[in-house]
Amino acid sequence: MFKPVRKAIFPVGGLGTRFLPATKAMPKEMLPVVDKPLIQYAVEEARAAGIEEFIFVTGRGKSSIEDHFDYSSELKSALHSKGKDILWRLVESTTLPPGKVAYTRQPEPLGLGHAVWCAKPLIGDEPFAVILADDLIQSDIPCLQQMIAAYQQVGGAMVAVMEVPMAHTDRYGIVSFDPSHAATGSRRLVKVTGLVEKPRVDLAPSNLAVIGRYILDPRVFALLDEQKRGAGGEIQLTDALSGLLPIMPFHGYRFAGRRFDCGDKAGFVEATVAFAMSRDDLGDDLAARLRPWIDS
Ligand code: UTP
């Protein structure tokens with residue numbers, strides 16, 4: 001039996017330059033897909049997976065994330081006085097439980113590895129999840145929940161993986177892996193044998209890419225203590241993960257679901273359409289409105 005995964009880190013310290021000017025004064029993670037900010041989807045996924053403690057690694061200009069998950073007594077009385085109690089219940093459900101949420105600061109966006117390292121004092125000696133809000137995953141069973149179920153069988157370290165077009169390997173962390181199912185005994189688990197951040201197409205060991213869901217062992221912090229800048233001049237999480245390979249089981253998890261890259265404009269718009277189309281209150285109306293565009 002492995003220790004339960006009770007804590008999740010949400011790195012939200014990046015600049016979001018691909019969405020400028022929208023992200024000049026607003027965090028990328030607060031961009032809404034239909035009517036919920038990206039970071040709320042991430043938190044809901046964590047809660048559904050049984051996460052009890054929520055650790056946000058924030059930076060300059062990110063305080064609206066704290067306000068979003070806070071209790072709002074003004075909104076409560078305003079909505080109540082207008083008879084909008086149902087709407088208040090929706091708003092209230094976004095509040096995170098007292099004592100279970102922490103915000104720590106990444107003073108400079110030095111990279112994802114550095115952002116995770118900033119949460120080291122808040123994790124202690126237990127496994128933890130990392131969720132990147134800009135990888136939005138639509139699935140029947142939330143992706144992290146799928147991963148935690150698999151983790152309880154194998155322990156160690158685990159990353160969500162999916163196949164990407166070979167021409168896109170230089171946008172992702174890419175794994176090399178033992179291709180035999182016998183290596184793990186599972187259709188969804190792959191035994192990771194190597195990791196490389198954003199390899200050129202001709203140097204990529206595979207097209208199996210790491211997507212923004214991780215279950216990590218706290219020993220990764222010792223590796224991050226020493227981590228130098230890597231691809232793009234940033235302190236990369238992928239580079240530190242390579243150091244875990246010799247010391248513990250390391251699996252990729254081929255999750256069931258559809259992933260949208262909401263850090264990219266086209267992916268974000270695609271997610272907005274897909275999530276709206278799947279909603280009972282919007283799908284038919286939106287399909288009717290989009291039809292002329294699709295037909296023309
Ligand atoms: P990205 O690699 O998408 O970087 O980060 P970014 O800065 O947010 O966006 P672009 O590339 O400039 O448009 C993936 C996730 O990791 C967080 C981001 O906030 C995002 O949620 N991150 C990234 C940090 O917390 N700190 C960093 O130094 C870098």
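Readers should treat all values here as calculations from the given coordinates under stated rules, not as data from a laboratory. Because the structure is a prediction, the values reported are computed rather than measured. All Cβ positions, glycine included, derive from the backbone under ideal geometry; neighbour counts span all protein chains shown.
In nm, what is the difference between 0.36 nm times the number of residues separating residue 139 and residue 168 and their Cα-Cα distance? Present the calculation step by step, with values, prior to reporting the outcome.
Working: separation 29, 0.36 × 29 = 10.44 nm, distance 2.32 nm.
Result for the pair: 8.1 nm of gain on full extension.
Over region 159-222, the alpha carbon radius of gyration divided by the compact-protein estimate 2.2 N^0.38 Å works out to 1.14. What list of ³J(HN,Hα) couplings, whole Hz, do you get for region 21-36 from phi and the Karplus terms 6.51, -1.76, 1.60, once you set θ to phi - 60° and write x for glycine and proline? Here the 3J(HN,Hα) series is x, 4, 9, 4, 10, 10, x, 3, 5, 9, 4, x, 9, 6, 9, 10 Hz. More than 20 Å apart: what percent of Cα pairs in region 112-191 qualify? Everything past 20 Å amounts to 47 percent. Centre-to-centre separation between the Cα atoms of region 27-54 and those of region 66-127: 10 Å. In terms of the mean number of neighbouring beta-carbon atoms within 10 Å, the peptides 234-242, 105-113 order highest first as 234-242, 105-113. Backbone geometry of region 159-176 corresponds, through the Karplus equation with coefficients 6.51, -1.76 and 1.60 at θ = phi - 60°, to 3J(HN,Hα) couplings of 10, 6, 9, 8, 6, 10, x, 3, 5, 9, 4, 6, 9, 9, x, 10, 9, 9 Hz, x marking Gly and Pro. In summary, the aspartates and glutamates within cross-link reach of residue 82, defined as a Cα separation below 13 angstrom excluding same-chain residues under 8 places away, comprise 74.
Compactness of the chain is given as radius of gyration and Dmax, 19.6, 63 Å, from Cα positions. Quarter the surface of the alpha carbon convex hull of region 147-291 and you get the mean projected area, 11.0 square nanometres. Against the empirical curve 2.2 N^0.38 Å, the C-alpha radius of gyration of region 1-49 lands at a ratio of 1.44. Dipole of region 231-296 computed with +1 at Lys/Arg Cβ and -1 at Asp/Glu Cβ about the Cα centre; of 251, 263, 283, farthest Cα towards the positive end is 251. A Förster distance of 35 Å, applied to the separation of the beta-carbon atoms of residue 74 and residue 6, puts the FRET efficiency at 0.60. Packing, as the average of other Cβ atoms within 10 Å across residues, places the peptides 183-189, 267-273 in the order 267-273, 183-189, highest first.
Spin-label model, residue 183/residue 94: points 7 Å from Cα along the beta carbon direction are separated by 4.2 nm. Maximal additional length on extending the residue 64-residue 256 stretch stands at 65.9 nm, based on 0.36 nm per residue less the C-alpha distance. Normalised by the number of residues in the chain, what is the relative contact order in percent for Cα pairs under 8 Å and 6+ residues apart? Dividing the mean separation by the residue count of the chain yields 22 percent. Note on the chain: with charges restricted to the Cβ of Lys and Arg (+1) and Asp and Glu (-1), its dipole about the Cα centre is near 160 debye.
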